[in-house]
Amino acid sequence: MKSASRSEASTVTESDHEFLSNRRILVVEDDPFISMDLEEILTAAGVREVERAPSVDIALAALGKTRPDAVLLDLNLRGVRSIPVARVLKSSGIPFLLTSGYSRSQIDEPLLNDVPLVPKPVLPSKLLAALQELLAD
């Protein structure tokens, strides 16, 4: 599943850039093309640092070293569910949202009931709006 086209990343508004500037975001995504697209959207929006983690183990290691401002979490990483990462995020109070090809009704995990969902393919405007709402709390 591919995220939105690179040209759509240029639709970042000035308020997006101001709100997200100096933020650190961890992208937990196994598809390298989607991960790169998400990184491009985020950096175009002014995010200072984007770290990518393609697996549960790498994501957990990254969270052990640093505390991101927010996390974009894919639910399925090469057939492995990312629930252990979600547990750490919840217990640490790190805000996160799901980026998934699954619909809300397909996500059968009570831990994730209140986690915002940005469906794939990811549209930059939807992602940035969800991040702003997530980080405004």
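The values are calculated or read from the model by the stated rules, or taken from the named source; none is laboratory data. From a predicted model like this one, the values you see are computed outputs, not experimental measurements. Cβ placement follows ideal geometry from the backbone for every residue including glycine, while neighbour counts extend to all protein chains displayed.
Descriptive notes on the structure:
- Looking only at residues in the stretch 19-36 that are in contact with a helix residue (DSSP H, G or I) (Cβ under 7 Å, 6 or more places away or on another chain) and crowded, with 20+ Cβ neighbours inside 10 Å, the one that is nearest to PRO121 (Cα to Cα) is GLU29.
- Only one of the listed residues (ARG52, ARG81) is farther than 16 Å from GLN132 by Cα, basic (Lys, Arg), crowded, with 18+ Cβ neighbours inside 10 Å and modelled with pLDDT of 95 or more. That residue is ARG52.
- Sole exception among (1) in a loop (DSSP other than H, G, I, E, B); (2) touching a residue at least 24 places away in the same chain (Cβ under 8 Å); (3) of a type outside the set (Val, Ile, Thr) for GLU40, by number: (1)
- From the options LEU135, LEU127, LEU111, residue that is touching a helix residue (DSSP H, G or I) at 6+ places or on another chain (Cβ under 9 Å) and surrounded by 17 or more Cβ atoms within 10 Å (Cβ to Cβ): LEU127
- Taking the criterion of being within 18 Å of VAL28 (Cα to Cα) and assigned to a helix (DSSP H, G or I), the residues of the stretch 89-125 that qualify are LEU89, LYS90, SER91, SER92, LEU111, LEU112, PRO124.
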